[in-house]
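Reading through the structure tokens given below for one structure.
The values are calculated or read from the model by the stated rules, or taken from the named source; none is laboratory data. Bear in mind that the values here come from a model prediction, so they are computed numbers and not experimental data. Neighbour counts run over all protein chains shown; Cβ positions are idealised from the backbone, glycine included. Accessible surface is based on the protein model in full, side chains and every heavy atom, while ligands, DNA and RNA are left aside. Shrake-Rupley method; radii C 1.70, N 1.55, O 1.52, S 1.80 Å.
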Amino acid sequence: MYKKYFSKFLKANEGKLHFAAHSHHYWPNVTREAQIQYWDDSAKYADHKWGEFFSNTFRELQTRLAEILNISSPEQITFAPNTHELTYRLLSCFPNGAKILTTDSEFYSFDRQINRLAEENIVSVTKIKNTRDNSFINDFIKEANSNKYDLIFISHVFFNSGYAIPDLTEFINEIKTEAPIVIDAYHGFMALPTDLSAIEDRIFYMAGGYKYCGSGEGSCFLISPRNTKLKPKNTGWFAQMGELTNYKENEVPFSNEGFRFAGSTMDFSALYRMNAVLQLWKEENISVEQIHNHVKTNMNEFLNRISDTDLSKNLIPMDTRGHFLAFEFPNSKECESFAQKLRKESIETDYRQNILRFGFSIYQDIDDIIRATNIINNIK
């Protein structure tokens, strides 16, 4: 039903069963035209292209993201080539370092960075063990409410297991501290239906298009609360745009909009691609909920068809998950061996240490599920 939108990537990988959508999602065909449009617009507007981009594509994309996530202030969205840039800009807001509360299951772009800063005694870090259940949620909320922290950082869907916070709004509302809360939504955006309307001024929401949006690398964004007073030390000339407030001659001014956390010159082709994907889904009346339901159906069918295999016994159980299944092996060697057997059979997956991940998307149909599970049932 949805394969037609991805025909170019599917043709280029003919014969493969791509179950790594959580890692490198295939791009819809419209992204190719968007890439060319970016080149054409760059040629057409030349010296004046920044004004053109910020007036049109930038604003269009802000509006489309706001509609999908149900926020009232699209101007609070800013863009960057990757989430590491956005993460470091947020970390730079704390002049004397920071006490950070997070988990032991955050993605490398954040985890590696805070570990390095902790080595230099610039930040102190507390990590709550992610047991992928309600006890973990309760432990995290309790620690957050101890009011000992300057920054709270947690994923919506965790990259290493697929575990998802059951109700993001309820979770945020249970945290009473005034410390800034950052939600890493890379594995949630365009996968799980998400309504931020009740918490948009409580959180920083950070995500990108490399995964389930299918817009490729370079298309990341941050939604900042309207009332934030944070002032990043890491700041670029894009942050000069927007409404400048509290201007003083000897002080660097900051916008009250998302531009407050903007960086500098970047390749806008990624934003053209993301804009094209979101425009496509809007024109085709394809919602995140429809995408999610399609994937859930395929995941359940997949699990039913491998229920008698040794692989099934390794499934990490959880009540709420994103768009990939995680299987925990006794050790990394066994995990790697199984992944290699799958690859020999043209099934693309990936793994992190001893956890094998199968990612799902709308470019898979029931025939793909049947083919993949038949192979798995015959692997010794």
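A few remarks follow.
- Segment 297-323, subset small (G, A, S) and surrounded by 14 or more Cβ atoms within 10 Å (Cβ to Cβ), residue nearest to N29 (Cα to Cα): G322
- Residues located in segment 48-81, provided they are among the hydroxyl-bearing types (S, T, Y) and crowded, with 22+ Cβ neighbours inside 10 Å: T78
- Of all residues in segment 58-83, those satisfying the criterion of being touching a residue at least 24 places away in the same chain (Cβ under 8 Å) and in contact with a Ser or Thr (Cβ under 6 Å, 6 or more places away or on another chain) are L69, N70, Q76, T83.
- Which listed residue, of L311, L325, L356, is assigned to a helix (DSSP H, G or I) and either more than 27 Å from the chain's Cα centre (by Cα) or within 29 Å of Q290 (Cα to Cα) (or both): L311
- If you filter segment 283-296 down to residues that are out of contact with any helix residue (DSSP H, G or I) (no Cβ under 7 Å at 6 or more places or on another chain), in a helix (DSSP H, G or I) and touching a residue at least 60 places away in the same chain (Cβ under 8 Å), you find that the one that is surrounded by the fewest Cβ atoms within 10 Å (Cβ to Cβ) is E289.
- Residue check for E143: touching a residue at least 24 places away in the same chain (Cβ under 8 Å) and more than 22 Å from the chain's Cα centre (by Cα): yes
- The set of residues in segment 157-169 that are open to solvent by 10 Å² or more (accessible area, probe 1.4 Å), assigned to a loop (DSSP other than H, G, I, E, B) and not hydrophobic (A, V, I, L, M, F, W, C) comprises N160, P166, D167.
- Among the residues making up segment 212-233, those that are open to solvent by 10 Å² or more (accessible area, probe 1.4 Å), over 24 Å from H294 (Cα atoms) and not acidic (D, E) are G218, R226, N227, T228, K229, L230, K231, K233.
- Cβ separations smaller than 6 Å between residues 6+ apart or across chains give the following pairs from segment 361-380 residues that are over 18 Å from R343 (Cα atoms) and open to solvent by less than 20 Å² (accessible area, probe 1.4 Å) to residues that are modelled with pLDDT of 95 or more and assigned to a helix (DSSP H, G or I): I362/I291; I362/H294; Y363/K3; Y363/F6.
- Of all the listed residues (D139, D167), the sole one being at pLDDT 95 or above and more than 22 Å from S197 (Cα to Cα) is D139.
- Here G208, G258 are screened, and the one residue that is more than 24 Å from N145 (Cα to Cα), over 12 Å from the mean Cα position of the chain (by Cα) and open to solvent by less than 10 Å² (accessible area, probe 1.4 Å) is G258.
- K380 vs. criteria more than 23 Å from M190 (Cβ to Cβ) and either part of a helix (DSSP H, G or I) or out of contact with any Gly (no Cβ under 9 Å at 6 or more places or on another chain) (or both): yes
- In the set (1) in a helix (DSSP H, G or I); (2) among the aliphatic types (A, V, I, L, M); (3) in contact (Cβ under 8 Å) with a residue 40 or more places away in the chain, L117 fails one condition alone, (3).
- If only residues of segment 94-113 that are farther than 21 Å from Y186 by Cβ and touching a residue at least 12 places away in the same chain (Cβ under 8 Å) are counted, the one that is surrounded by the most Cβ atoms within 10 Å (Cβ to Cβ) is A98.
- Verdict on I172 being farther than 17 Å from L65 by Cα, touching a helix residue (DSSP H, G or I) at 6+ places or on another chain (Cβ under 8 Å), open to solvent by less than 10 Å² (accessible area, probe 1.4 Å) and of a type outside the set (S, T, N, Q): no
- Listed by position, the helices (runs of 4 or more DSSP H) contained in segment 17-105 that have at least 3 residues being among the charged types (D, E, K, R) are 30-45, 57-69.
- Being at pLDDT 95 or above, farther than 23 Å from G208 by Cα and not in a strand (DSSP E or B) is a property that S146 has.
- Qualifying residue in segment 331-352 (condition: touching a helix residue (DSSP H, G or I) at 6+ places or on another chain (Cβ under 9 Å), assigned to a helix (DSSP H, G or I) and open to solvent by less than 10 Å² (accessible area, probe 1.4 Å)): yes
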